[in-house]
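Accompanying notes for the structure given below.
The numbers here are math on the coordinates, done by the rules we state, and not lab data. Since this is a predicted model, take the numbers as computed values, not measurements. Cβ placement follows ideal geometry from the backbone for every residue including glycine, while neighbour counts extend to all protein chains displayed.
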Amino acid sequence: MTKCPAQLSRKPRVYTYMPQVPQKWFAAALSLAMAAPAFAAKKEAPPVQAATAYVSHETHEKEHVTVAAEPFDTREKGNFFRVDYSGHSILPIRLIIANDSDSPLDLNQVRIQLIASDGTKLPAATPEELNRRLFRFNDIKQKRIPGTPITYRPTPVDKKILDDDKDFSFTQTTIPAHSSANGFLFYDIRDLDDPPLRGTELYVKMMHTKQDGKDAELFAFSVNFDKYLDQEKTKRDAAKAAAAKAAEAKDSKDSKDKDDKDFKVDTTNSKPQ
């Protein structure tokens, strides 16, 4: 049969196949999408106290300024972070600066160093430096939801670091009169002697204020952590003593209960027939 010109010029129809996603796989994907915000939710850091309430603090009476520091040197203390910093020899330190003077504090030039017992001076790590220490790009691999063809990539560590920086870092550059500011700084302590905090101090310098209308630099602050370590040891010892006392009391009670039970059984069996 001879084809007409219209039939010769007509392009063949191309059929495409759109695979159907089984309902259970769709439900799994939907559940994952709905659960994602929960994984990204920020936990709250412990409440901040007055600067003078921290055992590691220094007050300059004439300048009416107090600088305090609290190390978050265990996983339990830092469990609100998105990353296990202490497990990777990164020390988060909460810095609290209380300005009780009548003039604002200017922190635009401030320098905050961790000075170890051997004199090693460490600046606070930037998010980029933390990323290089904690994260390897080869580790970002696709993962599959078991029993489905759905793949996803886990949240990269660098995103978590940036979120922690945004939510918790010390970012204030000005502290108004009769107010305070706080936030976290992160220090790479992997090369310090153990224990890294013994004999270590947080050195804060180049804070500025106004005196008689002129710019004035405050004296440097040296916040030592030895008292903090001693306080934490006292807490641990007290907790161990309390646990031992509770265990002893429980053993004593269990022994008494056993004796009472044995006595009851004995007196029951000894009744005259």
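Per-peptide packing, taken as the mean over residues of other Cβ atoms within 10 Å, places 97-103, 75-81 in the sequence 97-103, 75-81 from highest down.
Sorted on the mean count of surrounding Cβ atoms within 10 Å across their residues, most packed first, peptides 214-221, 105-112 read 105-112, 214-221.
Using only Cα atoms, locate the centre of segment 240-264 and the centre of segment 72-110, then give the distance between them in Å, rounded to an integer. What the calculation gives is 45 Å, centre to centre.
Here the peptides 166-177, 236-247 are ranked by packing, the mean other Cβ count within 10 Å, and the order with the highest first is 166-177, 236-247.
Dividing the Cα radius of gyration of segment 197-256 by 2.2 N^0.38 Å, with N the residue count, gives 2.26.
Across segment 178-228, Cα-Cα distances exceeding 17 Å account for 57% of all pairs.
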